[in-house]
Amino acid sequence: MIISNSICHGLRKSAFTIAGDLTANSLQMTAAAFGLAAIIATSATAFVWIKWLGVAYLVWIGVQLIRSKAQAGEIEAAASGTRFRLFRQGFFTSMANPFAVVFFGALFPQFIDPNAAVLPQLLVLGVTYLVVDGAILLLWGWLGLRAATALKRFSFVRVNKVCGSLMIAAAALLATKDFEPQR
């Protein structure tokens, strides 16, 4: 999504997609810190609902990209007033990932010293993750934008169709991933 939004709206505006993603990650880290990871890991029903909502949202975004008719000249005109929409896309795509809370719930305890104050350790881990993830997402956006610039002979419609197809493929991969709750 960051690649597609960088191509369509530029790297500055796609930063709102990154901000949405990182905001969702912050909430997921907080949920993991309060034990939601344990609930999701043991409740197959909750996990399956979150998983299928994520699949549906990715498919919806993919279909929107495939149906997009914007050309290079129209992109700039369409880019105005999209900051909240870009933020929302990043936020909901990340929030719909049921693996994120489980990931944070499994990752963070590996680096926590139980003999020290937990909250400061969680804050350091969380901020470190957000900084690294944000930098990686910016890099992806920049690389996508550079690739699109190099491939200007292709229309944005084709780029959107490829990116939309990749979103649907990601949804298909998520849909086929099995989940067995830990007992």
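The values are calculated or read from the model by the stated rules, or taken from the named source; none is laboratory data. Quick caveat, the model's predicted, so the values are computed rather than measured. FYI the Cβ positions are ideal-geometry reconstructions off the backbone, even for glycines, and counts take in every protein chain you see. The protein model used for the area step is the full one, side chains on, heavy atoms only, and it has no ligands, DNA or RNA in it. Shrake-Rupley method; radii C 1.70, N 1.55, O 1.52, S 1.80 Å.
In the stretch 141-156, which residues are surrounded by 16 or more Cβ atoms within 10 Å (Cβ to Cβ) and either over 14 Å from the mean Cα position of the chain (by Cα) or hydrophobic (A, V, I, L, M, F, W, C) (or both)? Give the derivation first.
We begin by selecting, within the stretch 141-156, every residue surrounded by 16 or more Cβ atoms within 10 Å (Cβ to Cβ); these are 141, 144-145, 148, 156.
Across the stretch 141-156, the qualifying residues are Gly144, Leu145, Ala148, Phe156.
Given the structure, is Val101 open to solvent by less than 60 Å² (accessible area, probe 1.4 Å) and modelled with pLDDT under 75? Can you show your working first?
Numbers: open to solvent by less than 60 Å² (accessible area, probe 1.4 Å): yes; modelled with pLDDT under 75: no.
Spelling it out, it is not the case that Val101 is open to solvent by less than 60 Å² (accessible area, probe 1.4 Å) and modelled with pLDDT under 75.
So, of the residues in the stretch 1-19 that are in contact with a Lys or Arg (Cβ under 8 Å, 6 or more places away or on another chain) and surrounded by fewer than 24 Cβ atoms within 10 Å (Cβ to Cβ), which turns out to be nearest to Leu145 (Cα to Cα)? Talk me through it step by step, then tell me what you get.
So in the stretch 1-19, the residues in contact with a Lys or Arg (Cβ under 8 Å, 6 or more places away or on another chain) come out as 5, 13, 16.
Applying the additional criterion that residues be surrounded by fewer than 24 Cβ atoms within 10 Å (Cβ to Cβ) yields 13, 16.
Numbers: Lys13: 12, Phe16: 15 Å.
Out of the qualifying residues, it is Lys13.
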